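Visitor: I have a structure I would like to understand better, so I am pasting it below and will then ask my questions one at a time.
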Amino acid sequence: MTSSTNDAPIVQVRALTKIFRHGGQDVVALDGIDLDIHAGEFVCLMGPSGSGKSTLLHIVAGIDRLSEGQCVVLGAEISVLSENELSRWRNEHIGFVFQSFNLIPVLTAFENVEMPLLLTSLSKAERAEHVATVLGIVGLTDRMTHYPRQLSGGQEQRVAIARALVADPDLILADEPTGDLDAHSAEEILNILRMLNRDFKKTIVLVTHDPKASGYATVTRHLDKGELLPLAED
């Protein structure tokens, strides 16, 4: 696992606004957001439900489109990319972890993790080596041949993290990854994310409403009603 180091922000968000159309009304989900994220940071985005934190994460990931403003990620202005270009860019640079795991039930843990590598030029042996490495990192070497139904919720989320990690992305984005887990499993997931940041220098952006999660991050920012609150003074 590698990660680039650079003094310039790898995520630069400027005057970002997102407006949804709902019931004939315009709903402002994000209102003029400015945010920089630097390589090697573990950023926690916090806020109540409806604050816009997941919307912001999805725009940075290229899953959703902004309405106004600018979002430059890893040097690419992603709002101007076509859907095909965006898909290719995501596959090369982004690892995404969802709250609901999003594992394919008919595939084993190994096969779920291998999926992103099927889009690469790696050989079968090289793919197997990558999958074994990341499943080892998340502590599931002995669960490779298990199906999601044979795993606990915490183990399923660890498989999902391994899948996000397997292509060695520049940026790992996690949307409420502990939201469906009990306290013990949630702590395990947060410890894994912190380990990926500290030991593998992975840049991580975590969306959560759990105040305990901020203790694992290096930077915590709060959103409220679509606005990014100023950093608290030391």
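The values are calculated or read from the model by the stated rules, or taken from the named source; none is laboratory data. Because the structure is a prediction, the values reported are computed rather than measured. So basically every Cβ, Gly included, is an ideal-geometry build from the backbone, and we count neighbours across all protein chains shown.
Visitor: Where in the stretch 1-78 are the strands (runs of 3 or more DSSP E), entirely inside, with at least 2 residues that are more than 20 Å from Phe98 (Cα to Cα) and in contact (Cβ under 8 Å) with a residue 12 or more places away in the chain?
Guide: Filter on the stretch 1-78 gives 9-22, 25-38, 68-73.
Visitor: Which one is farthest from Val72 (Cα to Cα), of the residues in the stretch 88-99 that are surrounded by fewer than 18 Cβ atoms within 10 Å (Cβ to Cβ) and either among the hydroxyl-bearing types (Ser, Thr, Tyr) or in contact (Cβ under 8 Å) with a residue 40 or more places away in the chain (or both)?
Guide: Selected residue: Phe98.
Visitor: Being over 11 Å from the mean Cα position of the chain (by Cα) and not in a helix (DSSP H, G or I) is the filter; apply it to the stretch 86-102 and report the residue that is farthest from Arg143 (Cα to Cα).
Guide: Ser100
Visitor: Return the residues of the stretch 36-86 that are surrounded by fewer than 21 Cβ atoms within 10 Å (Cβ to Cβ), under 21 Å from Pro116 (Cβ atoms) and touching a Gly at 6+ places or on another chain (Cβ under 8 Å); say none if nothing qualifies.
Guide: Within the stretch 36-86, Leu81, Leu86 qualify.
Visitor: Okay, moving on. Against the condition over 20 Å from Ala213 (Cβ atoms) and assigned to a loop (DSSP other than H, G, I, E, B), how does Pro105 come out, does it pass?
Guide: yes
Visitor: For the stretch 151-161, check the following and say yes or no: at least one residue is under 30 Å from Val106 (Cα atoms), among the basic types (Lys, Arg) and in contact (Cβ under 8 Å) with a residue 24 or more places away in the chain.
Guide: Yes, some residue in the stretch 151-161 is under 30 Å from Val106 (Cα atoms), among the basic types (Lys, Arg) and in contact (Cβ under 8 Å) with a residue 24 or more places away in the chain.
Visitor: When only residues in the stretch 100-148 that are among the basic types (Lys, Arg) and touching a residue at least 12 places away in the same chain (Cβ under 8 Å) count, which is farthest from Pro177 (Cα to Cα)?
Guide: My answer is Arg127.
Visitor: Among the numbered criteria (1) at pLDDT 95 or above; (2) closer than 20 Å to Asp36 by Cα, which single criterion is violated by Ala125?
Guide: Ala125 satisfies all of (1) at pLDDT 95 or above; (2) closer than 20 Å to Asp36 by Cα except (2).
Visitor: If you take just the strands (runs of 3 or more DSSP E) that sit entirely in the stretch 131-234, which of them hold at least 1 residues that are surrounded by fewer than 23 Cβ atoms within 10 Å (Cβ to Cβ) and more than 19 Å from the chain's Cα centre (by Cα)?
Guide: 219-224
Visitor: Tell me which residues, restricted to the stretch 16-35, are under 22 Å from the mean Cα position of the chain (by Cα) and loosely packed, with under 14 Cβ neighbours inside 10 Å.
Guide: Scanning the stretch 16-35 gives a single hit, Asp34.
Visitor: Right, next: Looking at Leu171, Leu196, Leu231, which is the one that is under 18 Å from Cys44 (Cα atoms) and free of Cβ contacts under 8 Å to residues at least 40 places away in the same chain? First the steps, then the outcome.
Guide: On the way: Leu171 fails: free of Cβ contacts under 8 Å to residues at least 40 places away in the same chain; Leu196 fails: free of Cβ contacts under 8 Å to residues at least 40 places away in the same chain.
After applying the criteria, what remains is Leu231.
Visitor: If Glu114 satisfies every condition in (1) part of a helix (DSSP H, G or I); (2) within 21 Å of the chain's Cα centre (by Cα); (3) under 16 Å from Glu188 (Cβ atoms) but one, which is the exception?
Guide: That leaves (3) as the condition not met.
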